[in-house]
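Engineer: Got a structure for you, written out below as structure tokens; questions coming shortly.
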Amino acid sequence: MAGVNSPPGRENGARIRATASVLHLDVDAFFAAVEQRDKPSLRGRPVIVGGLGPRGVVSTASYEARPFGVRSAMPMSEARARCPNAAFLGGRFGAYRAVSGIVMDRLRALSPLVEPLSLDEAFVDLDVDAGHDLSVDGVRQLGERLREAIHDATGITASVGAATSKTLAKIASEEAKPDGLVVVEPGTELDILHPLPIRVLPGVGPATAARLARLGVKTVGDLALIAEPDLVDLLGDAHGRSLHQLARAHDPRPVSSERASKSISVEDTFDHDVTDRALLSALVTRMSEKVTDRMVSAGHSGRTITLKVRLHDFTTLSRSATLPGPTDDSRAVTRLALRLLDEIDATNGVRLLGVGVSGLSDWVQDDLFAAATDTREPAPPDPELDRQLDAAVHTDQRWVPGMDVVHTQHGAGWVWGSGRGRVTVRFETADTPPGPVRTFAVDDADLAPSPP
Amino acid sequence: MKFRLDRDTLADAVAWTARSLPNRPTVPVLAGLRLDASEGEVSFSSFDYEVSGKVTVDAEVADPGTVLVSGKLLADIARSLPGKPVEFSADSSKVVITCGNARFTLVTLPVEEYPNLPALPAASGTVDGTVFAEAVTQVAVAAGRDDMLPTLTGIRIEIEGEMVTLGATDRYRLAVRELTWNPGRPDISALALVPARTLVDAAKTLAPAGEITLALGGEADDSLIGLAAGGRHTTSRLIDGEWVPNYRRLFPAETATVAKIEIDALIDSVKRVALVAERNTPVRLAFDDNQVVLEAGSGEDAQASEALQAHVDGPAIATGFNPTYLLDGLQALGTPFVHMSFTDTPLKPVVVEGIDSLEAQPTSGYRYLAMPIRLSS
């Protein structure tokens, strides 16, 4: 029972590698690629996946959409303006998780040391007593076999980079995109790195880039010419030092299989500002239950509850409360989160709510009262209540474009669009040619969402 | 107003009444201490609408009267005066305090704006001061400190005839102490929830006077409790709301394993092992045959373990506690040995009681219930 919130993970000690044994894999336009796989009529067409509500943002744009200037994190309204002919889809996370599971399994077959960064991106340490040929050719062959295996198993393409460090491996996979492979030969790191713009380095965002631009620094090579004390003066101690090292391709960060999660949270942006306190309480309650579920399924308990509230004017408030001991009881999390909500003036409307748990542990201080009433199980999830809450804060989401549906006569398909009491479905699947489009009434009894 | 009294008498009286003065009073007059001089005696009183305190002492009163002065300043002055008689003389705007060659002039506060102190409820009975103070201190360790859950910051006083039962809990542990007292009426029955901090302070400071008079559940005002002893009396507002309903059900009905251990040795051992338990991470205790093994820390963190002799009756059992919760209970017992009762699962609360010898049954009337920790799945 480790008392602290960082379960020990396997890692390979910090060191400078002689071989290109850090592999970085990134699925190409992940969400959009899964959509194009499952929706034959969208293959070769621009596809944009993201939040479709009035305040949604782009999650992924397919390669066909990128020439129009559509990028991740762009407001969906801007994406619609830039690329009006794209297919705009709401996302099917069950399908993405399934693909991600297959990809990660392939990576774990290569090495026990896999560090997932997200559903579609991971580092792999190849230099872990698995007997891989770590010569440049050996790594290149291994990478190609991996890409082929992933394509065979999932039908989508991934790009792979390999190098002597995480930074270079990630840069390499970026260079390889789409559907490619780049292995940086040991010893040639600086040749690759120095011509690149400084934004490729981890930790260089717009603010740092702007500061460095004032010194005339545009490329990583320019950065490498700046003396460390000058960088520290400009960017502060930790940041300055680390960039000085990175500019020399010096990145000893190990691949770590267990990134200790420090907190778990859920949040939701509403389609319109919410002022009704009873509704806010119900939303906070549901989020508290959801975040507790996630925490418990990850094997954690937590001690500090944080409520995040973004008000109508974008003022973002964050309030926390800490229990005397860690809990995994959603009632305790809800109680604290609601108390935090009470202290917030929401009279002018709330745009976003979030509930997070931190201070993670692997033990629980139970409560005498709960033990006596012996009702460990909180109220079971109520789908009808969930639906009502969703309907209260999001415009009609019954038939979200992109969602899988099934019709009793026409079979499996996906929602092409809906509105004015009608829903249009295209009947096709990954295994069929592009299929026909049909329109139904939204309450057509023969049409139902198909389970993931 | 004019009177004269002994320096120590003054210092004690002022210190006791000034202790409950608010640091940041909602109205300025509440920072005041009220002095009332009448025939042969002077009383000092304070009140912040929650807690009131009043001490009456003998004094040579030349000229009766009433005045309100800054309580904090008066307490600082009284504490620092030389050991000589102190003379107060006051007119409507200032008070002059003379002691030996020292002389202070204090401005008065508007006494007409000062609230009337609540009347002490009618006496309900008396209790031995030492016993009461000990009992209150024993249960107070379990009281909550979270002002957002006000009912749990109180000590519950339940009176049924000759029996007084005190209880407190912060929902992770619960302490109960039973004691006898001298009720004014044999059929008295009363229930009150008193802020724990206030009750601890009142019981401690009144205990040296011997008998303490308790007053509660009076018909005049049932939102107050009064405690009086040796010329001092204090009242406190009660906490509104229900405490833990039917708290006795929290004690497990069955016992599977009993462990008896020398308390001092166990306290020392828990403190040692807990040195590696950062932020109150648990201390694990494994009981079997005739020992208990204590452990804390794990994995890549610092670790500690220690074995201790124990008399264990029943199946072996292992469980873990927040070390603070365990120590609070052990330190409150005040007996040479601890008697711990476990159910057949390490997840149910553990009853901690004191015994005078390994052969004795727990009888001290104090029970401390502690909720163990659980490993998350």
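Engineer: Does B:Ile239 fit the bill of being part of a loop (DSSP other than H, G, I, E, B), surrounded by 15 or more Cβ atoms within 10 Å (Cβ to Cβ) and either hydroxyl-bearing (Ser, Thr, Tyr) or away from every other protein chain (no Cβ under 14 Å) (or both)?
Structural biologist: Details: part of a loop (DSSP other than H, G, I, E, B): yes; surrounded by 15 or more Cβ atoms within 10 Å (Cβ to Cβ): yes; either hydroxyl-bearing (Ser, Thr, Tyr) or away from every other protein chain (no Cβ under 14 Å) (or both): yes.
So B:Ile239 fits the description; yes.
Engineer: Would you check if there is a residue in the stretch A:138-150 being polar (S, T, N, Q) and outside any helix (DSSP H, G or I)?
Structural biologist: In the first step, residues of the stretch A:138-150 are kept if they are polar (S, T, N, Q); the result is A:141.
Retained after the next criterion (residues that are outside any helix (DSSP H, G or I)): none.
Scanning the stretch A:138-150, I find no residue that is polar (S, T, N, Q) and outside any helix (DSSP H, G or I), so the answer is no.
Engineer: With the requirement that a residue be in a helix (DSSP H, G or I) and either more than 26 Å from B:Ile373 (Cα to Cα) or touching a Phe, Trp or Tyr at 6+ places or on another chain (Cβ under 6 Å) (or both), what does the stretch B:153-200 give you? Explain how you work it out, then say what you get.
Structural biologist: Just the residues of the stretch B:153-200 that are in a helix (DSSP H, G or I), to begin with: B:153, B:196-200.
B:Arg197, B:Thr198, B:Leu199, B:Val200, listed by residue number.
Engineer: Tell me which residues, restricted to the stretch B:275-313, are more than 29 Å from A:Leu360 (Cα to Cα), touching a residue at least 40 places away in the same chain (Cβ under 8 Å) and not in a strand (DSSP E or B).
Structural biologist: Result: B:Ala310, single match.
Engineer: Here is a follow-up. Take B:Gly329 and tell me if it is more than 9 Å from chain A (Cβ to nearest Cβ) and either more than 20 Å from the chain's Cα centre (by Cα) or more than 21 Å from B:Asn280 (Cβ to Cβ) (or both). Spell out the reasoning first.
Structural biologist: Numbers: more than 9 Å from chain A (Cβ to nearest Cβ): yes; either more than 20 Å from the chain's Cα centre (by Cα) or more than 21 Å from B:Asn280 (Cβ to Cβ) (or both): no.
Judged against the criteria, B:Gly329 is not a match.
Engineer: Looking at the stretch A:385-438, which of its residues are closer than 18 Å to A:Ala33 by Cα, open to solvent by less than 40 Å² (accessible area, probe 1.4 Å) and not aliphatic (A, V, I, L, M)?
Structural biologist: Scanning the stretch A:385-438 gives A:Pro401, A:Gly402, A:Gly413, A:Trp414, A:Glu428.
Engineer: Got at least one residue in the stretch A:244-254 being part of a helix (DSSP H, G or I) and out of contact with any helix residue (DSSP H, G or I) (no Cβ under 8 Å at 6 or more places or on another chain)? Walk me through it before giving the result.
Structural biologist: Narrowing the stretch A:244-254 to residues part of a helix (DSSP H, G or I): A:244-247.
This time we only want the ones that are out of contact with any helix residue (DSSP H, G or I) (no Cβ under 8 Å at 6 or more places or on another chain), so: A:245.
Looking for residues that are part of a helix (DSSP H, G or I) and out of contact with any helix residue (DSSP H, G or I) (no Cβ under 8 Å at 6 or more places or on another chain), one finds at least one in the stretch A:244-254, hence yes.
Engineer: Shifting gears a bit: Quick test for you: out of B:Thr151, B:Thr213, B:Thr126, B:Thr165, pick the one residue that is among the β-branched types (Val, Ile, Thr), closer than 30 Å to A:Ala337 by Cβ, open to solvent by less than 60 Å² (accessible area, probe 1.4 Å) and more than 13 Å from the chain's Cα centre (by Cα).
Structural biologist: When all the criteria are applied, what remains is B:Thr151.
Engineer: Of the residues A:Val400, A:Val393, which single one is modelled with pLDDT under 90 and in contact with a Gly (Cβ under 6 Å, 6 or more places away or on another chain)? Steps first, answer last, please.
Structural biologist: Values: A:Val393 fails: in contact with a Gly (Cβ under 6 Å, 6 or more places away or on another chain).
Just one listed residue meets the conditions, A:Val400.
Engineer: Give the number of residues within the stretch B:349-377 that are within 14 Å of another protein chain (Cβ to nearest Cβ), open to solvent by 40 Å² or more (accessible area, probe 1.4 Å) and in contact (Cβ under 8 Å) with a residue 60 or more places away in the chain. If you could, list the steps in order and put the result at the bottom.
Structural biologist: Residues of the stretch B:349-377 within 14 Å of another protein chain (Cβ to nearest Cβ): B:349-352, B:367-377.
Right, trim to open to solvent by 40 Å² or more (accessible area, probe 1.4 Å) and you get B:367, B:375, B:377.
After this cut, where a residue has to be in contact (Cβ under 8 Å) with a residue 60 or more places away in the chain as well, the list is B:367.
Residues that pass the stated criteria total 1.
Engineer: Here's a follow-up. Look through the stretch A:15-45, keep the residues that are acidic (Asp, Glu) and assigned to a helix (DSSP H, G or I), and return whichever of them is least open to solvent (accessible area, probe 1.4 Å). Talk me through it step by step, then tell me what you get.
Structural biologist: Going through the stretch A:15-45, the residues acidic (Asp, Glu) turn out to be A:26, A:28, A:35, A:38.
Adding the requirement that they be assigned to a helix (DSSP H, G or I) leaves A:35, A:38.
Working: A:Glu35: 1, A:Asp38: 27 Å².
Here the answer is A:Glu35.
Engineer: Can you find a residue that is outside any strand (DSSP E or B) and within 30 Å of B:Thr165 (Cβ to Cβ) anywhere in the stretch B:30-49? Spell out the reasoning first.
Structural biologist: Step one: filter the stretch B:30-49 for residues outside any strand (DSSP E or B), giving B:30-31, B:39-40, B:48-49.
Checking the rest, the ones that are also within 30 Å of B:Thr165 (Cβ to Cβ) come to B:48-49.
Among the residues of the stretch B:30-49, at least one is outside any strand (DSSP E or B) and within 30 Å of B:Thr165 (Cβ to Cβ), which makes the answer yes.
Engineer: Which one of these does B:Ala62 not meet: (1) within 30 Å of B:Ser223 (Cα to Cα); (2) among the hydrophobic types (A, V, I, L, M, F, W, C); (3) open to solvent by 70 Å² or more (accessible area, probe 1.4 Å)?
Structural biologist: B:Ala62 satisfies all of (1) within 30 Å of B:Ser223 (Cα to Cα); (2) among the hydrophobic types (A, V, I, L, M, F, W, C); (3) open to solvent by 70 Å² or more (accessible area, probe 1.4 Å) except (1).
Engineer: Taking into account only those residues within the stretch A:439-452 that are open to solvent by 70 Å² or more (accessible area, probe 1.4 Å) and closer than 21 Å to A:Arg37 by Cα, which is modelled with the highest pLDDT?
Structural biologist: Per the stated criteria, the residue is A:Pro449.
Engineer: Name the residues in the stretch B:334-348 that are among the hydrophobic types (A, V, I, L, M, F, W, C) and either assigned to a helix (DSSP H, G or I) or open to solvent by 30 Å² or more (accessible area, probe 1.4 Å) (or both), would you? Can you show your working first?
Structural biologist: Restricting attention to the stretch B:334-348, the residues satisfying the condition of being among the hydrophobic types (A, V, I, L, M, F, W, C) are B:337-338, B:340, B:342, B:347.
The answer is B:Phe337, B:Leu347.
Engineer: From the list A:Ile156, A:Ile171, pick out the single residue that is open to solvent by less than 70 Å² (accessible area, probe 1.4 Å), in contact with a strand residue (DSSP E or B) (Cβ under 8 Å, 6 or more places away or on another chain) and assigned to a helix (DSSP H, G or I).
Structural biologist: A:Ile171
Engineer: Give me a count of the residues in the stretch A:283-339 that are within 14 Å of another protein chain (Cβ to nearest Cβ), in contact with a Gly (Cβ under 6 Å, 6 or more places away or on another chain) and surrounded by fewer than 17 Cβ atoms within 10 Å (Cβ to Cβ).
Structural biologist: The number of residues fulfilling the criteria is 1.
Engineer: Please verify whether B:Ala277 is open to solvent by less than 40 Å² (accessible area, probe 1.4 Å) and within 14 Å of chain A (Cβ to nearest Cβ), treating the condition exactly as stated.
Structural biologist: yes
Engineer: Right, something else. Against the condition on the phi > 0 side of the Ramachandran plot and touching a residue at least 40 places away in the same chain (Cβ under 8 Å), how does A:Gly69 come out, does it pass? If you could, list the steps in order and put the result at the bottom.
Structural biologist: On the way: on the phi > 0 side of the Ramachandran plot: yes; touching a residue at least 40 places away in the same chain (Cβ under 8 Å): no.
Criteria not met by A:Gly69.
Engineer: Oh, and also: Return a yes/no flag: does the stretch B:315-333 have any residue that is closer than 19 Å to B:Glu178 by Cα, open to solvent by 40 Å² or more (accessible area, probe 1.4 Å), in contact with a helix residue (DSSP H, G or I) (Cβ under 8 Å, 6 or more places away or on another chain) and in contact (Cβ under 8 Å) with a residue 60 or more places away in the chain. Spell out how you get there, then give the answer.
Structural biologist: Step one: list which residues in the stretch B:315-333 are closer than 19 Å to B:Glu178 by Cα, which gives B:328-333.
Now restrict to residues that are open to solvent by 40 Å² or more (accessible area, probe 1.4 Å): B:331.
Right, trim to in contact with a helix residue (DSSP H, G or I) (Cβ under 8 Å, 6 or more places away or on another chain) and you get B:331.
Then keep just the ones that are in contact (Cβ under 8 Å) with a residue 60 or more places away in the chain; that gives B:331.
Yes.
Engineer: Another one. With the checklist (1) touching a strand residue (DSSP E or B) at 6+ places or on another chain (Cβ under 9 Å); (2) in a loop (DSSP other than H, G, I, E, B); (3) not aliphatic (A, V, I, L, M) in hand, flag the one item A:Ser418 doesn't pass.
Structural biologist: (2)
Engineer: With under 26 Å from A:Arg303 (Cβ atoms), in contact with a strand residue (DSSP E or B) (Cβ under 7 Å, 6 or more places away or on another chain) and of a type outside the set (Ser, Thr, Tyr) as the only criterion, which of B:Pro362, B:Pro336, B:Pro323 stands out? Step through it out loud before you land on a result.
Structural biologist: Working: B:Pro362 fails: under 26 Å from A:Arg303 (Cβ atoms); B:Pro336 fails: under 26 Å from A:Arg303 (Cβ atoms).
After ruling out the rest, the residue left standing is B:Pro323.
Engineer: Moving on. Condition check: away from every other protein chain (no Cβ under 12 Å), open to solvent by less than 30 Å² (accessible area, probe 1.4 Å), under 28 Å from B:Met148 (Cα atoms) and in contact with a Leu (Cβ under 9 Å, 6 or more places away or on another chain). Does B:Leu285 satisfy that?
Structural biologist: Numbers: away from every other protein chain (no Cβ under 12 Å): yes; open to solvent by less than 30 Å² (accessible area, probe 1.4 Å): yes; under 28 Å from B:Met148 (Cα atoms): no; in contact with a Leu (Cβ under 9 Å, 6 or more places away or on another chain): yes.
For B:Leu285, the condition - away from every other protein chain (no Cβ under 12 Å), open to solvent by less than 30 Å² (accessible area, probe 1.4 Å), under 28 Å from B:Met148 (Cα atoms) and in contact with a Leu (Cβ under 9 Å, 6 or more places away or on another chain) - is not met.
Engineer: While we're here: Look through the stretch B:306-326, keep the residues that are within 11 Å of another protein chain (Cβ to nearest Cβ) and polar (S, T, N, Q), and return whichever of them is nearest to B:Ala143 (Cα to Cα).
Structural biologist: Residue satisfying both the conditions and the ranking: B:Thr324.
Engineer: Of all residues in the stretch B:292-305, how many are surrounded by fewer than 16 Cβ atoms within 10 Å (Cβ to Cβ) and more than 14 Å from chain A (Cβ to nearest Cβ)?
Structural biologist: Residues that pass the stated criteria total 0.
Engineer: Of the residues A:Val255, A:Val220, A:Val274, A:Val266, only one is touching a Phe, Trp or Tyr at 6+ places or on another chain (Cβ under 6 Å) and open to solvent by less than 40 Å² (accessible area, probe 1.4 Å); which?
Structural biologist: A:Val255
Engineer: So, in the stretch B:50-59, of the ones that are of a type outside the set (S, T, N, Q) and either open to solvent by 10 Å² or more (accessible area, probe 1.4 Å) or not in a strand (DSSP E or B) (or both), which residue ends up nearest to B:Ala228 (Cα to Cα)?
Structural biologist: B:Lys54
The values are calculated or read from the model by the stated rules, or taken from the named source; none is laboratory data. Computed from a predicted structure; not experimentally measured. Neighbour counts are summed over all protein chains in view; Cβ atoms, including those assigned to glycine, are modelled from backbone coordinates with ideal geometry. The accessibility values were calculated without ligands, DNA or RNA, using every heavy atom of the protein model including side chains. Shrake-Rupley method; radii C 1.70, N 1.55, O 1.52, S 1.80 Å.
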